[in-house]
Structures are given as C-alpha cells and as structure tokens.
Amino acid sequence: MSDRRTAILEAAATVIARRGVRGLRVEELAEEAGVSKALIYYHFDDRAGLLRRTLAFVNNRAERYTAEQEAADPPAGPLRRLEQALLLELQDLPHVRENSTAWGELRASAVFETELRSELALASVIWIREVADQLGEVRPTAPESALVASAERLTALLEGLSARWLCGILPLPDARTAMREGIAVEVAHLARHAAEPSTEDTPSRANLD
C-alpha cells in the first residue's frame, strides 16, 4: 500500500471516529490526510469504496497492534493468549480508542450503508474464526460447533463492552473484568461440552435395531 493511500485511510479512520460515517466529508478528509480531494477519488473511486477500504484498514490495524503486543509480551499458555488477544481491545490508548470507535461507527452505519455489509460480514467471520481457534487450543476436545458459538458470544460481548466503555457508560476496569468473566464462563461451558458424548457419535435406536 502506498504511503499516500495509507495516509488517506488513517485520516478516514480518524474522521469517522470523530464525526461518524455520516459526518465524513471529502474536504475534511483531504485536509486531515494532507492530500488533494482529487487524489482521494483517484485511489478510492467513490464514497462506498473508501468506506469498504477503511473498514478493512481498521480491522487490519487491530490485528497488527494485537500481534505486536503478543510479540513483545508473549502470553504463557493458550488461556492467557486468548485473554490477552481480547483484552487488548479494551485499552485506554489513543490508537485503540480511535480504532474501536471507528469500527463501531462503521458497524452501526452498515444498517443503512448496505455496501458495507459484505466487508463487515467477512471481517466478523475472520475474527470469530480466530477466536474459535484460540478457544480450541484451550479446550481441544470441544466440538467445532461449540467453539464457533462461544467465539460468536465472546466477540459480541467485547463489542458491547467496548461501546459502553467508549461512551462513558462503563468504567474500563469493569469492562475488562466483565470480559475476563465472560471468557471464564465460555471456557467452562466448553469443558462441559467436551465431557458430553457427541450425538453424532452415539448410535440411534434405529441403528441398534
């Protein structure tokens, strides 16, 4: 990605976090990025293309700072790795606040901006898959369907806690505590799933007869 294209996407995330998707204006974006309006249209064609690429950029940036933190402070064990990956989204740091706010604004706008839905769905599926894989490392004998269901609940919980923290409803320490408790509940739930025999592996009466 070119430096100017990156600068435009960084500026778009900043403006969206500040004013929301509906408040995104090309004039302000150009000023924030230090480029001309023509260059924005050159790189992104139209507003829909800009929004889709900004959503992907915000998602990739979250993955990047999570990976950087894990490299700097490698967690001990799969459960700690799962906790760290999710709790990194609840940090009172400028880039985390901006990224989380922009993600929330883009997600909310998908109710009206239908062109964002496919990009949002793809990003969400990838995130759920990553969390499910981490849960699988914690509970390797849990069924795949249970891992995905737990990952869906945890990512939804994180989005809700992040939104409440960012708008001042929920103090950050309380949000982090709730996230840890949610992880503990899901891990315990998966342990019970792993202990139960799978219905797919249990012969039916018809088969026995």
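Considered as a group, the residues in segment 24-45 that are assigned to a helix (DSSP H, G or I) and of a type in the set (Val, Ile, Thr) include one that is least open to solvent (accessible area, probe 1.4 Å), and that residue is Ile40.
Residues that are open to solvent by 40 Å² or more (accessible area, probe 1.4 Å) and either of a type in the set (Asp, Glu) or in contact (Cβ under 8 Å) with a residue 12 or more places away in the chain (or both) within segment 159-171 comprise Glu159, Ala163, Leu166, listed in sequence order. What do you reckon, is Asp174 open to solvent by 70 Å² or more (accessible area, probe 1.4 Å) and under 22 Å from Ala56 (Cβ atoms)? Spelling it out, it is not the case that Asp174 is open to solvent by 70 Å² or more (accessible area, probe 1.4 Å) and under 22 Å from Ala56 (Cβ atoms). The numbered conditions (1) over 16 Å from Thr14 (Cα atoms); (2) open to solvent by 30 Å² or more (accessible area, probe 1.4 Å) are all true for Tyr65 except (2).
In this entry, Ala156 is excluded by the filter for residues that are of a type in the set (A, V, I, L, M), modelled with pLDDT of 95 or more, assigned to a helix (DSSP H, G or I) and crowded, with 18+ Cβ neighbours inside 10 Å. Considering segment 46-134, the qualifying helices (runs of 4 or more DSSP H), each wholly inside and each with 1 or more residues that are in contact (Cβ under 8 Å) with a residue 60 or more places away in the chain and β-branched (Val, Ile, Thr), run over 94-109. Residues in segment 6-23 that are in a helix (DSSP H, G or I) and at positive phi: there are none. For segment 89-136, filtering for residues that are farther than 20 Å from Ile16 by Cβ, in contact with a helix residue (DSSP H, G or I) (Cβ under 9 Å, 6 or more places away or on another chain), surrounded by fewer than 18 Cβ atoms within 10 Å (Cβ to Cβ) and among the aliphatic types (A, V, I, L, M) leaves 1.
The values are calculated or read from the model by the stated rules, or taken from the named source; none is laboratory data. Worth saying up front: this structure is predicted, and the values here are computed from it rather than measured. Every residue, glycine as well, gets a Cβ built from its backbone with ideal geometry; the counts of neighbours run over all protein chains shown. These accessible areas exclude ligands, DNA and RNA; they are computed on the full protein's heavy atoms, side chains included. Shrake-Rupley method; radii C 1.70, N 1.55, O 1.52, S 1.80 Å.
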